[in-house]
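Report on the structure given below.
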Amino acid sequence: MSILRKDVNKVLIKIKKGDEESKNVLFEKTYNHLKSIAYPYVRNKADVEDVLIEAYLRIFQYVATFDPNKDGYNWMCKIVQNVARDWDKNFFQSVSLEDAEQNGAIIEMEEMIATQDEVQRLLQPYSERDRKMMYLRFWENRTIEEIARSLEMKKSNVHKRISKILKEILQKEKNQVEK
């Protein structure tokens, strides 16, 4: 059960009854929350807003199916997740394992897994916060500003720490190559 259940359910009931102004209220109350729900599901982070627009259109289209005895916010979250998944399916082509094997993509996938394993090994001595910082920067392609906000740090500290970690890792790799 979500914290927003009570408020969202009231607004969804008003929309269900035909109150057009309640659509704006719902948007204002839930947009930032739903944005954080959509973010991990889309590959291209610039598509998050497009996904949310589509999700709100579906929410308004299917509001008649909403059950007021259930959690409306969770219902909306599920719609956002489904839209985000559909969005990626429409814009990113998936390949079956059989086709990938024929095209040599399996070898690339094995190399990618080996690289990820090596990166995890290199980051293991660092703190959880440092590993999170590196993950956000290089796997989720977040900006320094976004990382600073999510980890409640100053941008300059995030930048310095990432730079230092990269320098240390490169030095370790250089030392191993020389041995």
### Query
What number of residues in region 11-27 are open to solvent by 70 Å² or more (accessible area, probe 1.4 Å) and more than 28 Å from the chain's Cα centre (by Cα)?
5
#### Entry: Single residue of region 116-131 satisfying the filter (in a helix (DSSP H, G or I), modelled with pLDDT under 90 and open to solvent by 90 Å² or more (accessible area, probe 1.4 Å)) that is farthest from residue 39 (Cα to Cα)
121
### Message
Criterion first (in a helix (DSSP H, G or I), touching a Ser or Thr at 6+ places or on another chain (Cβ under 7 Å) and buried (at least 20 other Cβ atoms within 10 Å of the Cβ)) does residue 51 satisfy it?
### Response
no
#### Entry: Boolean, residue 41 is within 30 Å of residue 140 (Cα to Cα), of a type in the set (Ser, Thr, Tyr), surrounded by 16 or more Cβ atoms within 10 Å (Cβ to Cβ) and touching a residue at least 40 places away in the same chain (Cβ under 8 Å)
yes
### Message
Only one of 161, 137 is modelled with pLDDT under 90 and surrounded by 11 or more Cβ atoms within 10 Å (Cβ to Cβ). Can you tell me which?
### Response
137
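The values are calculated or read from the model by the stated rules, or taken from the named source; none is laboratory data. Model, not experiment: these values are computed from the prediction. Note: ideal-geometry Cβ built from the backbone for every residue, glycine included; neighbour counts use all protein chains shown. These accessible areas exclude ligands, DNA and RNA; they are computed on the full protein's heavy atoms, side chains included. Shrake-Rupley method; radii C 1.70, N 1.55, O 1.52, S 1.80 Å.
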